[in-house]
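Chemist: First, the structure itself, so that you have it in front of you.
The values are calculated or read from the model by the stated rules, or taken from the named source; none is laboratory data. Because the structure is predicted, anything quoted here is derived from the model rather than measured. Glycine also receives a Cβ, built like all others from the backbone with ideal geometry; neighbour counts cover every protein chain displayed. For the accessible areas, the whole protein counts, side chains as well, though only heavy atoms, and no ligand, DNA or RNA atoms are used. Shrake-Rupley method; radii C 1.70, N 1.55, O 1.52, S 1.80 Å.
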Amino acid sequence: MTIANVTVNAGQAHLFDEKGRKIKIIALGNGELVGFTSTTISIKRSGKIWLYNEKGIQTGSTPIK
């Protein structure tokens, strides 16, 4: 599936496809949404940028410099 839009509500990132259907909800915890592409979202949390795919699976992280 392709991520077409992401909204943030009540500490959660809601991922939507190109038809506006919700495909996943990812908890932000104490983090914030940094951005998204068609296949990933980026969340800034605990001194790192955490990457998640459209299925909500963490695919990596990178420290914030």
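Chemist: So, Gly31, is that one on the phi > 0 side of the Ramachandran plot, of a type in the set (Gly, Ala, Ser) and out of contact with any Gly (no Cβ under 6 Å at 6 or more places or on another chain) or not?
Modeler: So Gly31 fails the test.
Chemist: Could you grab me the full set of residues in region 31-53 that are open to solvent by 40 Å² or more (accessible area, probe 1.4 Å) and outside any strand (DSSP E or B)?
Modeler: Matches in region 31-53: Thr37, Ser38, Thr39, Ser46, Gly47.
Chemist: Still on this structure, I have one more. Taking the condition open to solvent by 60 Å² or more (accessible area, probe 1.4 Å) and among the β-branched types (Val, Ile, Thr), does Ile3 pass?
Modeler: Criteria not met by Ile3.
Chemist: Further, regarding this structure: Could you run through region 1-19 and say how many residues are assigned to a strand (DSSP E or B) and of a type in the set (Val, Ile, Thr)?
Modeler: Qualifying residue count, region 1-19: 3.
Chemist: Next up: Would region 20-30 turn up any residue that is in a loop (DSSP other than H, G, I, E, B) and of a type in the set (D, E, K, R)?
Modeler: The answer is yes, given that some residue of region 20-30 is in a loop (DSSP other than H, G, I, E, B) and of a type in the set (D, E, K, R).
Chemist: Counting only residues that are farther than 16 Å from Gly60 by Cα and touching a Phe, Trp or Tyr at 6+ places or on another chain (Cβ under 8 Å), which one in region 16-30 is least open to solvent (accessible area, probe 1.4 Å)?
Modeler: Ile23
Chemist: Here is a follow-up. Tell me whether region 28-36 contains one or more residues that are among the β-branched types (Val, Ile, Thr) and in contact with a strand residue (DSSP E or B) (Cβ under 8 Å, 6 or more places away or on another chain).
Modeler: yes
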